[in-house]
Amino acid sequence: MTRAHFRIFGIPVRVEPFFVVVAALFGIRLEPLWVVFAWVVIVFVSVLVHELGHAVTYRALGQRSAIVLHGFGGFTVPAGGGRRVLSKGRSVLVSVSGAVAQLLVLGLPTYLLYRSDWYDEAALRWVLLDGAEGFSWVPIVYYTQFVSIWWAVFNLLPIRPLDGGHVAETLFGFETACKLSIGAAIVAGFVAFRSGRFGLIALLFFGLFAFMNYQDLRAGHSTGAFDVEAPEAPARRSGRVRRGRRRGGPDLQVVGPEGAGLEPRRGPAAAELETRAWNALRAGDGERAASVLRQAGDGVNPFLRACVALLTGPVEMADDLFVAAYRAEPDGPPNLVPATLLASRGRAVALATRLVQEGEAGIEAAGSLQTHLHYAEQFTAAAEVGEQVFAAGPRSPAQTAFEIACSWARAGSPDEALRWVEAAVDAGFRAPGVLDGEPDLAAVRALPGWEAVRRRLSA
């Protein structure tokens with residue numbers, strides 16, 4: 001497990017050593033020596049601002065994320081259990097937000113300062129003294145505007161894995177984006193080489209991008225991508241509620257395409273195909289997931305097939321497959337992707353209605369769905385499914401009512417949450433410490449009717 005080194009605005013950030021090494025190599029020829037160290041700091045701050053643009057946009061769309069700075073730059077990926085399936089428009093917004101933040105926060109302000117009379121005078125003194133007067137803002141301003149503007153524009157090129165490449169993949173699909181990336185990388189490399197400023201380095205740099213996309217195109221998936229793995233779907237518990245996992249910040253776990261948290265079912269090849277299909281579903285690409293699934297053959301996770309049907313086929317077929325999946329695996333799916341998809345497609349309550357008609361086993365399965373929806377931060381859907389479970393007569397009605405209350409509270413309906421706290425007490429809930437300490441119920445405890453419920457519990 002790879003953990004974050006620090007957090008900024010609550011967003012976990014990890015800095016790989018190779019990032020610092022590459023930044024230093026790009027600035028190694030600068031003079032005097034202190035400018036080299038300043039260059040590394042400038043690159044760090046500029047790239048971090050870029051990635052924070054992505055992360056803040058993710059947050060605005062209800063998705064937690066994590067930042068990793070590595071190699072030639074960095075990446076920001078969804079993190080934690082509450083992964084959202086974003087629309088194409090929102091995906092494009094996330095992709096371009098990094099460059100926009102970098103330009104607005106650093107690029108344009110330092111460029112205006114660079115073009116000012118103050119800078120001209122300071123630069124003249126710097127040149128005349130050959131930089132011998134020690135520290136100066138001249139190289140700081142120059143390299144900040146250079147890095148921030150260049151990096152922002154560079155990232156908008158339609159070359160995977162740059163931001164522009166992600167936009168192309170979102171709009172045109174994986175294969176078309178790979179082909180476009182190869183062509184754009186060849187053209188960009190030629191232009192940069194002909195400019196005479198970057199020379200052979202430009203050819204090698206863009207050639208690497210072209211080769212990477214060629215490999216991905218042949219493999220049918222991204223061979224070099226990183227992922228931040230969501231936690232496994234939590235098992236439904238009876239008795240006292242344990243929700244610390246969703247309360248705490250997500251651990252930053254950087255894994256390759258092979259690390260999807262799935263147990264191999266038919267050997268490493270089948271496990272890898274399942275991983276690729278899950279990753280495609282996380283991105284909302286049902287067609288790509290279906291294509292991968294056809295390669296996997298029989299024996300894949302039944303929830304995987306149900307999710308693909310939900311995105312590509314008639315919803316009735318998907319409902320049937322989900323019911324069959326819960327019959328085969330009553331504990332539910334191995335991750336939170338199905339819960340997120342069911343909520344985003346408005347099928348969670350309908351599925352729960354089908355499940356509770358299956359009898360006791362179906363009620364327990366619907367209870368698992370309720371829990372998964374909550375951990376996936378689909379709180380309204382979790383509460384509505386929980387109400388279906390409660391009406392059907394679960395084994396632990398007090399526990400179910402309490403979880404419904406937590407979901408309604410997180411969904412922004414504290415009055416409804418208080419009603420379900422009362423229902424939990426009526427059903428036999430007897431854990432005052434849990435009520436007093438549950439973070440989900442903070443807004444509920446501020447309501448006028450809370451003390452009356454609390455006194456009933458104490459009595």
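Please find, within the stretch 21-38, the residue that is surrounded by the fewest Cβ atoms within 10 Å (Cβ to Cβ) out of those that are among the β-branched types (Val, Ile, Thr) and touching a residue at least 24 places away in the same chain (Cβ under 8 Å).
Val22
Being assigned to a loop (DSSP other than H, G, I, E, B) and either without any contact (Cβ under 8 Å) to a residue 24 or more places away in the chain or more than 25 Å from Phe205 (Cα to Cα) (or both) is the filter here; which residues of the stretch 50-75 pass it?
Matches in the stretch 50-75: Leu61, Gly62, Gln63, Arg64.
Is there any pair linking a residue in the stretch 391-420 that is under 16 Å from Gly437 (Cα atoms) and not assigned by TED's automatic domain parsing to the domain that holds Glu358 to one that is surrounded by 19 or more Cβ atoms within 10 Å (Cβ to Cβ) and of a type in the set (D, E, K, R), with Cβ under 6 Å and at least six apart or on different chains, and which?
Note: pairs meeting the criteria are Cys406/Asp440; Ala409/Asp440; Arg410/Asp440.
Return yes or no: is Thr380 of a type in the set (S, T, N, Q), assigned by TED's automatic domain parsing to the domain that holds Leu281 and at pLDDT 90 or above?
In short, no.
Results for (1) at pLDDT below 90; (2) part of a helix (DSSP H, G or I), shown as yes or no for each residue.
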position: Leu93; (1), (2): no, yes
position: Val96; (1), (2): no, yes
position: Gln102; (1), (2): no, yes
position: Val105; (1), (2): no, yes
position: Pro109; (1), (2): no, yes
position: Leu112; (1), (2): no, yes
position: Tyr119; (1), (2): yes, yes
position: Ala123; (1), (2): yes, yes
position: Gly131; (1), (2): yes, no
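Could you tell me how many of the residues in the stretch 258-293 are of a type in the set (A, V, I, L, M, F, W, C), over 14 Å from Phe174 (Cβ atoms), at pLDDT 65 or above and surrounded by fewer than 20 Cβ atoms within 10 Å (Cβ to Cβ)?
Final tally of qualifying residues: 2.
Listed residues Gly62, Gly27; which is farther than 24 Å from Ala280 by Cα and either of a type in the set (A, V, I, L, M) or modelled with pLDDT under 85 (or both)?
After applying the criteria, what remains is Gly27.
Here are some residues: Gly386, Gly332. Which one is outside the structural domain of Phe303 (by TED's automatic domain parsing) and in contact (Cβ under 8 Å) with a residue 12 or more places away in the chain?
Testing whether each residue is outside the structural domain of Phe303 (by TED's automatic domain parsing) and in contact (Cβ under 8 Å) with a residue 12 or more places away in the chain leaves just Gly386.
Having 2 or more residues that are closer than 30 Å to Met317 by Cβ and of a type outside the set (Phe, Trp, Tyr) is the bar; report the helices (runs of 4 or more DSSP H) wholly within the stretch 354-459 that clear it.
Helices (runs of 4 or more DSSP H) meeting the threshold: 360-375, 379-392, 397-410.
List the helices (runs of 4 or more DSSP H) inside the stretch 276-332, counting only whole elements, that have at least 2 residues being more than 26 Å from the chain's Cα centre (by Cα).
286-296, 315-328
The values are calculated or read from the model by the stated rules, or taken from the named source; none is laboratory data. Everything numeric here is computed off the predicted structure, so don't read it as measured data. Note that each Cβ is placed from the backbone with ideal geometry, even for glycine, and that neighbours are counted across all protein chains shown.
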